[in-house]
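Here is the structure we will look at, set down as structure tokens.
Each value in this text was obtained by applying a stated rule to the coordinates, not by laboratory testing. Note that the structure is a prediction, hence the values are computed from the model and not measured. With ideal geometry, Cβ positions are generated from the backbone for all residues, glycine too; neighbour counts draw on all protein chains shown.
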Amino acid sequence: MPGSSFFVDKISFYFRKPKPGDIIVFWHNEGTDEAPRWVRYVKRLIATGGQTVQIKDCYVYVNGVPMTDDAFNHPGHPNPERQCYYNSGKMGDQILTVPPGHYFVLGDNSRNSLDGRFWDFPFVCEKDFIGEPFLKVWPPTQIGFMNGYFGSPR
């Protein structure tokens, strides 16, 4: 959520790769090639290199399969059983193939998230990956492990 603070695990991914459903932290260039402006982003990893991704009927499809596990179901959606992902932006409902060495990411707040659906190049390069949030420390009422660490929800 906006305003949350957390610690980021930057070490585990020397031994394992992030997987779809994980929340990741990465650098994104909001500037131009001539005048880059790198900003840290936090988004949900949807697909990795070689996988296809499509958004239609409120579902995200990876390799033609709708993502319905808990990592893709979030509270606050009008249908409390699942999160709706919107196919707005440049992506529409087309099928994208994630290039090798890249990730496709979406924000959980699909209506208001600046993510791969809107970027000129809709993918995150693996080299821009920072890590994965694992311990939320703000707000104080939500202190605890997150993102699957130590049995926490993803």
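Structure summary
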{"item": "Residues Tyr59, Tyr85 arranged by fewest to most Cβ contacts within 10 Å", "result": "Tyr59, Tyr85"}
{"item": "Per DSSP, loop trypsin sites (Lys or Arg not before Pro) in segment 1-62 with at most 11 further Cβ within 10 Å", "result": "Arg16, Arg37"}
{"item": "Neighbour-limited loop hits for chymotrypsin sites (Phe, Trp or Tyr not before Pro), segment 5-43 (at most 16 other Cβ within 10 Å; DSSP other than H, G, I, E, B)", "result": "Phe15"}
{"item": "Segment 5-151 shape via C-alpha gyration tensor axes, a/c threshold 1.5", "result": "rounded"}
{"item": "Highest-fluctuation residue, Thr48, Thr97, Thr32 considered, GNM on the chain with Cα pairs under 10 Å", "result": "Thr32"}
